[in-house]
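> Provided herewith is a single structure, encoded as structure tokens, for subsequent inquiry.
Each value in this text was obtained by applying a stated rule to the coordinates, not by laboratory testing. None of these values were measured; they are calculated from a predicted model. So basically every Cβ, Gly included, is an ideal-geometry build from the backbone, and we count neighbours across all protein chains shown.
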Amino acid sequence: MNPVTRTAGIVVIGAGHAGSTLVIELRKLGYEGSVLLLGDEGRVPYQRPPLSKTYLMGASTTEQLTLLSAERMRDLNIEFLADDTVDSIDRTAQTVRLVSGLEISYGQLALTTGGRNRPMSMPGADASNVLPLRTLADADRLRPFWLPGKKLVVIGGGFIGLEAAASANKAGLHITLLEASPHVLSRVTVPEVSRFFERTHRESGVDIRTGAQVTQISHGGQYSEVVLKDGSRLLADCVLTGIGMVPNVELAQEGGLHCDNGIFVDEFARTSDPSIVAAGDCTNHPSAYAGRRLRLESVQNAVDQSRVAAATLVGQRRPYNVVPWFWSDQYDQKFQAVGLSIGYDEKIVRGDLQSRSFSVCYLSAGRLIAVDSVNRVQDHMQARKLIAEKALLDKPRLADVAQKLSDCVS
Ligand SMILES: Cc1cc2nc3c(=O)[nH]c(=O)nc-3n(C[C@H](O)[C@H](O)[C@H](O)COP(=O)(O)OP(=O)(O)OC[C@H]3O[C@@H](n4cnc5c(N)ncnc54)[C@H](O)[C@@H]3O)c2cc1C
């Protein structure tokens, strides 16, 4: 057995948005013990959202993406290992083992392991110009293709695929975006909003094809060829795969923690082991708002849940009870969603879906449960409060875009 070579009061595995927020929060809450943050990307924690929005086209730098610099970690007295993967957890001994062979003993442990790109399993998907987008390293591999005239095929019409398409479009690439479902964004919004984004992209010159199933990618000539089920073939310098992510739960699972579509936690971010918490994209947590368990992939969830986890680690009890929200930037459109657009019995549109400024309000028994907005930041901000308060709304007022959303409570 290897000797234990390091010890920390709190060890945090995963240096993404959740891990970095958690260690900062520990210090804010007055925790004075030793904190060790473990990352495996070889760099300080950074923000992922700009990768698909500004970074690919060179409009933001690596430094601008930094969430927690080395200097700040020094000031906060946080130890950081940037480039070592945790391989296993021994919960009985309260140790973690890293791929390098290092063994670390912990008092309490936090898992903020996030997720990884869902792999594409089809012939030709393993070529060097077929690339996903989750990490800075992924973005750096894509960046050389972001040149005017290059042909890009995006597989997947979720937020990342659409944002990357918008960014490539601004950079002058020729883009075809393929979505297997009848609409883009079909998992997260209603067809009306999906159609708005499809129209916006088409008007900007992106060839959006829905109901499109890719069967293989062939390589050999000057261009790769993306082959569709209907027999059509698309030429590509580069193929971006945006088909979702899978949560990194294996470490927790092999350590004997309860996992089911994410690491199972309670409203205090506690796992099935009392000395281990988890937060961010990797968790499956109860949501008082939704009345069921959720696994969310958003900055809001990573930040808010890791604050709850930090509170738990210092002995406080702050239940996680936030209405989920999310944003996406495409061209000059700021899309913002608050709440989940499922389980509604009525939807009311404020503004005109043909315009570039509207909100779709989702109601259940007259109460506001979710709002999807495009370029209506005020609606979004007011909706966060109204949804949390389970406000009953006056429907005719709500439909009148001249009324402030906050003035529509009945
Ligand atoms: C391109 C892109 C654009 C996005 N845009 C938006 C947006 O506009 N709005 C929004 O709300 N959200 C957006 N998101 C989602 C958001 O970035 C994520 O929800 C958030 O980053 C999740 O943070 P996390 O810390 O939970 O997980 P992650 O960011 O995945 O961080 C987990 C970290 O843990 C590391 N790790 C995993 N296992 C181990 C191990 N065994 N040992 C050591 N380290 C390990 C991983 O390498 C990673 O660095 C976007 C995501 C991407 C990829």
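> Give me Ser100, Ser373, Ser406 ranked fewest to most by other Cβ atoms within 10 Å of their Cβ, as a rough exposure proxy.
Arranged by neighbour count, lowest to highest, Ser100, Ser373, Ser406 become Ser100, Ser406, Ser373.
> Mean residue ellipticity at 222 nm from the helices of the chain, using -39,500 (n - 2.57) per DSSP H segment of n ≥ 4 over the full residue count, to the nearest 500 deg cm²/dmol?
-6500 deg cm²/dmol
> To the nearest Å, what is the center-to-center distance of the stretch 35-63 and the stretch 72-117, using C-alpha atoms only?
20
> To make sure I understand, if each residue's beta carbon is the centre and we count other beta carbons within 10 Å, what order do Asp138, Asp281, Asp345 fall in, fewest to most?
Neighbour counts put them in this order, fewest first: Asp345, Asp138, Asp281.
> Further question on the same structure: Using +1 at the Cβ of each Lys and Arg and -1 at the Cβ of each Asp and Glu in the stretch 232-363, identify which of Val349, Ala302, Gln336 lies farthest towards the dipole's positive end.
The one lying farthest along the dipole's positive direction is Val349.
> Right, something else. Sticking to Cα atoms, compute the Rg of the stretch 266-397 to one decimal and its Dmax as the biggest Cα-Cα distance, whole number, in Å.
Values for the stretch 266-397 (Cα only, Rg and Dmax): 16.4, 52 Å.
> List the pair-distance distribution P(r) of the stretch 332-407, using every Cα-Cα distance, as the percent of pairs falling in each 5 Å bin from 0 up to the bin containing the longest distance, rounded to whole percents.
3, 19, 32, 29, 14, 3, 0
> Under a point-charge model restricted to the Cβ atoms of Lys and Arg (+1) and Asp and Glu (-1), what is the dipole moment magnitude of the chain relative to its Cα centre, in debye to the nearest 20?
Magnitude of the dipole: close to 820 debye.
> Show me the ranking of peptides 283-290, 384-391 by mean Cβ neighbours inside 10 Å, starting with the highest.
Order by mean packing, descending: 283-290, 384-391.
> Kindly rank 120-129, 105-114 from highest to lowest mean number of other beta carbons found within 10 Å of each residue.
105-114, 120-129
> So, counting K/R as plus one and D/E as minus one, what does the shell of residues with Cβ under 12 Å around Ser355 add up to?
+3
> Say R0 is 60 Å: what FRET efficiency, to the nearest 0.05, do Ser410 and Thr7 get from their beta-carbon distance?
Calculated transfer efficiency: 0.55.
> Take each uninterrupted DSSP H stretch in the chain, measure its Cα extent along the helix axis, and return the ones at 15 Å or beyond whose mean Kyte-Doolittle hydropathy is at least 1.6.
none
> P(r) for the stretch 119-241, please, calculated from all Cα pair distances in 5 Å bins and given in %.
Pair shares across the bins are 2, 11, 23, 25, 21, 13, 4, 0, 0.
> Tell me whether the chain comes out rounded, prolate or oblate; compute the Cα gyration tensor, take square roots of the eigenvalues as a ≥ b ≥ c, and use a/c under 1.5 as the rounded threshold.
It comes out oblate by the Cα gyration axes.
> Given Ser406, Ala110, Val227, which one lies farthest toward the positive end of the charge dipole of the chain, if we put +1 on the Cβ of every Lys and Arg and -1 on the Cβ of every Asp and Glu?
Ser406
> Using DSSP to call loops (not H, G, I, E or B), can you name the chymotrypsin sites (Phe, Trp or Tyr not before Pro) in the stretch 316-408 whose Cβ has at most 10 other Cβ atoms within 10 angstrom?
Listed in order of number, the matching sites amount to none.
> Between the stretch 340-365 and the stretch 393-410, what's the alpha-carbon centroid distance in Å?
The stretch 340-365 and the stretch 393-410 have Cα centres spaced 12 Å from each other.
> I would also like to ask the following. If you take every DSSP beta bridge whose two residues both sit in the chain, what share of them, in percent to the nearest 5, is antiparallel?
60
> Then there's this: What do the square roots of 5 times the Cα gyration tensor eigenvalues come to for the stretch 257-334, in whole Å, largest first, as semi-axes of the equivalent ellipsoid?
Output for the stretch 257-334: semi-axes of 24, 13, 11 Å.
> Here's something else I'd like to know. Let me check I've understood the local charge: for Leu26, count other residues with C-beta under 11 angstrom from its C-beta, Lys and Arg +1, Asp and Glu -1. What total comes out?
The answer is +1.
> About the Cα centre, and with charges only on the beta carbon of Lys, Arg (+1) and Asp, Glu (-1), how big is the dipole of the stretch 332-407? Nearest 20 debye, please.
Roughly 160 debye for the stretch 332-407.
> Taking the Cβ of Arg6 as the centre, find all other residues whose Cβ is under 14 Å away and add up their charges (Lys, Arg: +1; Asp, Glu: -1).
With Lys, Arg at +1 and Asp, Glu at -1, the neighbours total -2.
> Relative contact order, percent, of the chain when contacts are C-alpha pairs under 8 Å separated by at least 6 residues?
14
> For the stretch 17-100, just the Cα atoms, rotate onto the principal axes and tell me the three extents in Å, largest first.
Answer, in whole Å and largest first: 48, 31, 17 Å.
> What is the Cα convex hull volume of the stretch 231-286 when expressed per residue in Å³?
Hull volume over Cα atoms, normalised by residue count, gives 130 Å³.
> Let me ask something else. Whole Å is fine, so just give me how far the alpha carbon centre of the stretch 259-299 lies from that of the stretch 178-202.
Centre-to-centre (Cα) distance: 29 Å.
> Counting other beta carbons within 10 Å of each Cβ, put His258, His183 in order, fewest first.
Lowest to highest Cβ neighbour count: His258, His183.
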